[in-house]
Amino acid sequence: MNRLNRSFSAAKAKRRAALVTFVTAGDGPTADILDALVEGGADVIELGMPFTDPMADGPAIQAANIRSLLSGTKTADILALAKAFRHRHPSVPLVLMGYANPMTIRGPEWFAAAASDAGVDGVICVDIPPEEDQELGPALRAAGIDPIRLATPTTDAARLPTVLDGASGFLYYVSVAGITGLQQAQQTSIDEAVARLKAHTDLPVAVGFGVRTPEQAAAIARVADGVVVGSAIVELVAQHGAAAPAYVRAYIHSLATAIHAATKEAA
């Protein structure tokens with residue numbers, strides 16, 4: 001059982017959802033922000049790989065990508081951040097999230113080996129569809145890394161088996177048909193989607209896109225296995241810069257507290 005399996009299983013044993021958090025590598029004091037996420041109560045960390053054309057991301061994460069790239073962030077820097085994080089937090093799952101070009105330009109085997117050496121547990125590649133799994137999936141699986149897939153409101157019954165084939169770690173449900181950070185789906189549609197997905201897979205289902213408040217996180221936590229928060233954290237980094245870790249820690253603590261309380265209500 002790897003770190004992702006253990007984390008979701010531990011949350012399930014406590015009858016609560018896992019809190020999955022996202023931050024862009026190289027935007028602000030990333031190492032300190034990663035520590036703040038863990039200290040605040042995050043169960044799983046997604047570390048974004050900055051890219052020039054992040055087509056799934058809204059203005060907040062687009063701006064974070066630009067800030068990171070302008071500061072000179074390279075793939076080697078991201079892997080170094082991951083490796084240092086793994087030394088500091090040996091049991092916390094770490095997922096790299098990004099786009100195909102930085103992951104495949106030197107070959108999928110190179111990327112998978114480097115990610116494994118850095119202690120990465122899973123990879124979300126936004127722009128490689130499951131139909132093109134051979135571009136990255138086999139290399140990740142051979143290196144013991146979970147290829148984490150995305151499902152959306154437009155993933156119908158005909159395509160869902162393809163999305164699930166070869167997926168592991170968890171299934172990321174993108175709750176809106178759009179980009180990150182700008183809107184949130186109605187809770188009724190999230191409830192229905194999670195129930196539908198869980199009827200077809202034993203993978204944990206984590207819901208993201210548009211989750212900002214503790215109240216929203218708690219509502220999702222009552223039905224999903226995980227709650228993903230990204231843009232709101234990135235905005236704190238943009239607002240507070242070098243002082244961001246303290247604000248991130250407090251915000252994550254508020255989300256974790258709400259998720260844990262929601263679980264107790266449902267238990």
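The values are calculated or read from the model by the stated rules, or taken from the named source; none is laboratory data. Given the structure is predicted, the values throughout are model-derived calculations rather than measurements. Neighbour counts are summed over all protein chains in view; Cβ atoms, including those assigned to glycine, are modelled from backbone coordinates with ideal geometry. Quick note on the areas: whole protein, heavy atoms, side chains included, nothing else; ligands and nucleic acids left out. Shrake-Rupley method; radii C 1.70, N 1.55, O 1.52, S 1.80 Å.
Annotations
- Of the residues in region 68-91, not one is touching a residue at least 24 places away in the same chain (Cβ under 8 Å) and closer than 23 Å to Gln216 by Cβ.
- Some residue of region 113-121 being closer than 23 Å to Leu79 by Cβ, in contact with a Pro (Cβ under 8 Å, 6 or more places away or on another chain), of a type in the set (Asp, Glu) and open to solvent by 50 Å² or more (accessible area, probe 1.4 Å): no
- Some residue of region 244-267 being surrounded by fewer than 23 Cβ atoms within 10 Å (Cβ to Cβ) and not in a helix (DSSP H, G or I): yes
- Region 59-76: number of residues that are on the phi < 0 side of the Ramachandran plot and either open to solvent by 70 Å² or more (accessible area, probe 1.4 Å) or not in a helix (DSSP H, G or I) (or both): 8
- Within region 194-222, tally of residues that are part of a loop (DSSP other than H, G, I, E, B), hydrophobic (A, V, I, L, M, F, W, C), modelled with pLDDT of 95 or more and surrounded by 17 or more Cβ atoms within 10 Å (Cβ to Cβ): 1
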